[in-house]
1. Every residue in region 1-11 that is surrounded by 11 or more Cβ atoms within 10 Å (Cβ to Cβ) and either under 28 Å from residue 101 (Cβ atoms) or without any contact (Cβ under 8 Å) to a residue 24 or more places away in the chain (or both), please.
2. Is at least one residue of region 117-135 touching a strand residue (DSSP E or B) at 6+ places or on another chain (Cβ under 7 Å) and under 25 Å from residue 3 (Cα atoms)?
3. Which one of the conditions (1) surrounded by fewer than 20 Cβ atoms within 10 Å (Cβ to Cβ); (2) in contact with a helix residue (DSSP H, G or I) (Cβ under 6 Å, 6 or more places away or on another chain); (3) modelled with pLDDT under 95; (4) not in a loop (DSSP other than H, G, I, E, B) does residue 103 fail to meet, given that it meets all the rest?
4. Confirm whether residue 148 is assigned to a helix (DSSP H, G or I), modelled with pLDDT of 90 or more, surrounded by fewer than 20 Cβ atoms within 10 Å (Cβ to Cβ) and in contact with a helix residue (DSSP H, G or I) (Cβ under 8 Å, 6 or more places away or on another chain).
5. Return yes or no: is residue 51 closer than 28 Å to residue 175 by Cβ and over 16 Å from the mean Cα position of the chain (by Cα)?
6. In this structure, is residue 77 crowded, with 17+ Cβ neighbours inside 10 Å and assigned to a helix (DSSP H, G or I)?
């Protein structure tokens, strides 16, 4: 099977998820003669919610880019890949809830741990889909360097490992856990060597 339909369906889910993230942010309701000051205090109190929204938005965009690059590597899809992609989208679609939870309760251990747990599951499901495509079903197009596939696999697994590390930190203090959550996307903004190689080959052949 071609990868066109799975990519189109996934793009739709990505778009819905990033929309749901912002729908969890509600305009504060203030009353009284000093509404301006009360509104300012309410907006300041909402800063954790704004920051959790930005963090999740960036992470979801990173996964969207990684998803695009993964399917760019594939020559075809099969039933197993379809189900693994659905599993990844299942985890992805749940992200708005722990994002809102951590935004409302940034000092509560269970809220911070819940965020990391969902991010870990999403990262593991994406890594599982990548492993299946690379090593189980042989879906990668010919000519891709196996060493680069292995490096991409290790990089993919580093995300869940770091989120698990943040969960462990949250048992002692939520602040370093949230700081690590915020630092994780920085590691994935720079394109991997596999991505640079594939795009270089595409440009040279176009």
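The values are calculated or read from the model by the stated rules, or taken from the named source; none is laboratory data. Please read all numbers here as calculations on a predicted model, not as lab measurements. Cβ atoms come from the backbone with ideal geometry, glycine included; neighbour counts cover every protein chain shown.
1. Taking region 1-11 first, the residues surrounded by 11 or more Cβ atoms within 10 Å (Cβ to Cβ) are 1, 3, 5-7, 9-11.
Listed by number, the residues that qualify are 5, 9, 10, 11.
2. Kept after step one, since they are touching a strand residue (DSSP E or B) at 6+ places or on another chain (Cβ under 7 Å), are these residues of region 117-135: 133-134.
Then drop every residue that is not under 25 Å from residue 3 (Cα atoms), which leaves 133-134.
Yes, there is a match, as at least one residue in region 117-135 is touching a strand residue (DSSP E or B) at 6+ places or on another chain (Cβ under 7 Å) and under 25 Å from residue 3 (Cα atoms).
3. Unmet condition: (1).
4. When the stated conditions are applied, residue 148 does not pass them.
5. Values: closer than 28 Å to residue 175 by Cβ: yes; over 16 Å from the mean Cα position of the chain (by Cα): no.
In short, no.
6. Numbers: crowded, with 17+ Cβ neighbours inside 10 Å: yes; assigned to a helix (DSSP H, G or I): no.
Spelling it out, it is not the case that residue 77 is crowded, with 17+ Cβ neighbours inside 10 Å and assigned to a helix (DSSP H, G or I).
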